[in-house]
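A.B. asks: Please read through the structure below; I'll follow up with questions.
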Amino acid sequence: MILIVDLPLSATLSMDSSATPTSPHEKPDQIHADDRHITSQALLGEQRRIVIEHNGQRYLLRETHAGKLILTK
């Protein structure tokens, strides 16, 4: 199954393959003020799920009934 989601341009993200810290003391998973931001509602849509293609693999990102996000291959 392939989901095609029509997101508004403001909700479109581009992938940055350079996930390296900008300084030696910075952790790559820290959130910064200039990071791109999108709400889960805008990303997942009414179906509360989306298929993400990454490096030729498909992953399902979905919201559980408890409101948690789960990413599965």
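A.B. asks: In the range 35-69, how many are on the phi > 0 side of the Ramachandran plot and either of a type in the set (Gly, Ala, Ser) or in a strand (DSSP E or B) (or both)?
C.D. replies: First pass over the range 35-69, keeping only residues on the phi > 0 side of the Ramachandran plot: 45, 48, 55-56, 67.
Imposing the further condition that a residue be either of a type in the set (Gly, Ala, Ser) or in a strand (DSSP E or B) (or both) reduces the set to 45, 56, 67.
Residues in the range 35-69 being on the phi > 0 side of the Ramachandran plot and either of a type in the set (Gly, Ala, Ser) or in a strand (DSSP E or B) (or both): 3 in total.
A.B. asks: Moving on to the next point. Which residues, taken from the range 31-54, are out of contact with any helix residue (DSSP H, G or I) (no Cβ under 6 Å at 6 or more places or on another chain), free of Cβ contacts under 8 Å to residues at least 40 places away in the same chain and over 15 Å from HIS65 (Cα atoms)? Even if it seems obvious, please write down each step before you answer.
C.D. replies: Going through the range 31-54, the residues out of contact with any helix residue (DSSP H, G or I) (no Cβ under 6 Å at 6 or more places or on another chain) turn out to be 31-37, 39-41, 43-49, 51-54.
Those still in the list that are free of Cβ contacts under 8 Å to residues at least 40 places away in the same chain too: 31-37, 39-41, 43-44, 46, 48, 52-54.
Hits for the range 31-54 are ILE31, HIS32, ALA33, ASP34, ASP35, ARG36, HIS37, THR39, LEU43, ILE52, GLU53, HIS54.
A short reminder: the numbers here are calculations on the coordinates, not readings from a lab. Here the structure is a predicted model, which means the values were calculated and not measured. All Cβ positions, glycine included, derive from the backbone under ideal geometry; neighbour counts span all protein chains shown.
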